[in-house]
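These notes are about the structure you will find just below.
The values are calculated or read from the model by the stated rules, or taken from the named source; none is laboratory data. Quick caveat: nothing in here was measured; it's all calculated off a predicted structure. Positions of Cβ are generated from backbone atoms using ideal geometry, with glycine treated the same way; all protein chains shown enter the neighbour counts.
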Amino acid sequence: MAKILEIKDLVVDYGIIRAIKGINLEVEEGTIVAILGANGAGKTTTIRTVNGIVKASEGEILFKGEKITNLDPYKLAAKGIIQSPEGRMILNGLTVEENLLVGGYSLKSEVIDGKRVSARKRTKEVLEEVFGLFPVLKERRKQQASTLSGGEQQMLSIGRALMGRPKLLLLDEPSLGLAPLIVKEIFNKIQQIKELGTTILIVEQNAYQTLKIADYVYVLELGKVKTKGSAQELLKDDQLIKAYLGETR
Ligand SMILES: Nc1ncnc2c1ncn2[C@@H]1O[C@H](COP(=O)(O)OP(=O)(O)OP(=O)(O)O)[C@@H](O)[C@H]1O
Ligand SMILES: [Mg+2]
């Protein structure tokens, strides 16, 4: 399998605070890679650096072998790196459907099976794909996004990112503040998104649920990679789950 993302010796500073202290991380195409770790470990910073919102002080980020370090977020989005942000960032004055269309603004006309499909038609098709994955968003397409439940807002946030047809989807704490049953549903959807062919880099606090869907895991501690391994291996390691993930089954 090809590497879609490589992070090499990454260092990130916020002024005099060094948040990331030289991390190396790889994502194979078609997999789910998770970044776990306690509050303040540097998870969000890592994902925001991949997304271009935060700039690297040292090191390199490669996407499909191409150097993309410190490019602006809109350029990265055009290459297929799209984030569903921590805190969801729903556009409150807009309906569910309008929120999704904002996510699809960059879709262009494409030649599919020898036929040119207009950007407008493409947008409609991708919208239907997203509605297929999240039927609840279709039911509520005309509803003000601000009136959705927390779980529905999370689905909208992920759906909006999918509207840009990401090759690499970045998710920052999709389970934040949601009830256990909804968390399960969201994680099922994430698994489904992978099965439909999108590579995913996910940041989470919910270690156990994440290990169940992830292929490979990095555990960060104070800006460094403390442990890494296949999710299956880490799931078996009760010591590790207790020590680093602050959680037991
Ligand atoms: N804008 C900022 N300015 C200064 N320091 C920051 C900034 N953002 C993050 N930090 C610091 O960088 C470190 C890593 O923060 P980060 O948000 O990446 O952690 P995290 O692992 O995502 O934590 P959480 O689980 O709480 O979301 C923390 O010490 C934090 O205080
Ligand atoms: Mg965070």
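Quick notes
- Odd one out for ALA56 among (1) within 16 Å of ligand 1 (Cβ to nearest atom); (2) of a type outside the set (Ser, Thr, Tyr); (3) touching a Leu at 6+ places or on another chain (Cβ under 7 Å); (4) assigned to a helix (DSSP H, G or I): (4)
- Just one residue in the set GLU185, GLU152 is among the acidic types (Asp, Glu), surrounded by fewer than 20 Cβ atoms within 10 Å (Cβ to Cβ) and more than 16 Å from ligand 1 (Cβ to nearest atom); that residue is GLU185.
- Selection status of LEU176, out of contact with any helix residue (DSSP H, G or I) (no Cβ under 7 Å at 6 or more places or on another chain) and assigned to a loop (DSSP other than H, G, I, E, B): yes
- In the condition set (1) in a loop (DSSP other than H, G, I, E, B); (2) surrounded by 15 or more Cβ atoms within 10 Å (Cβ to Cβ); (3) in contact with a strand residue (DSSP E or B) (Cβ under 6 Å, 6 or more places away or on another chain), MET1 is compliant with all but (2).
- Leading residue by the ranking (surrounded by the most Cβ atoms within 10 Å (Cβ to Cβ)) among those in the range 192-214 that are outside any helix (DSSP H, G or I) and touching a Gly at 6+ places or on another chain (Cβ under 9 Å): VAL203
- Output for the range 11-54, where each listed residue is β-branched (Val, Ile, Thr), more than 16 Å from LEU171 (Cβ to Cβ) and within 16 Å of ligand 2 (Cβ to nearest atom): VAL12, ILE17, ILE20, ILE23, VAL54
- Residue match in the range 208-227 (condition: out of contact with any Ser or Thr (no Cβ under 8 Å at 6 or more places or on another chain), modelled with pLDDT of 95 or more and of a type in the set (Ser, Thr, Tyr)): no
- Residue in the range 63-75 that is more than 15 Å from the chain's Cα centre (by Cα) and within 16 Å of ligand 1 (Cβ to nearest atom) present: no
- Going through (1) at pLDDT below 95; (2) not in a loop (DSSP other than H, G, I, E, B) one by one, LEU169 falls short only on (1).
- Residue check for ILE112: more than 16 Å from ligand 1 (Cβ to nearest atom) and surrounded by fewer than 16 Cβ atoms within 10 Å (Cβ to Cβ): yes
Rundown of residues vs (1) touching a helix residue (DSSP H, G or I) at 6+ places or on another chain (Cβ under 6 Å); (2) hydroxyl-bearing (Ser, Thr, Tyr); (3) modelled with pLDDT under 90, yes/no style:
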| position | (1), (2), (3) |
| --- | --- |
| MET89 | no, no, yes |
| GLU98 | no, no, no |
| SER118 | no, yes, yes |
| GLU129 | no, no, no |
| ALA145 | yes, no, no |
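- Flag if ILE47 is within 30 Å of ARG141 (Cβ to Cβ) and within 16 Å of ligand 1 (Cβ to nearest atom): yes
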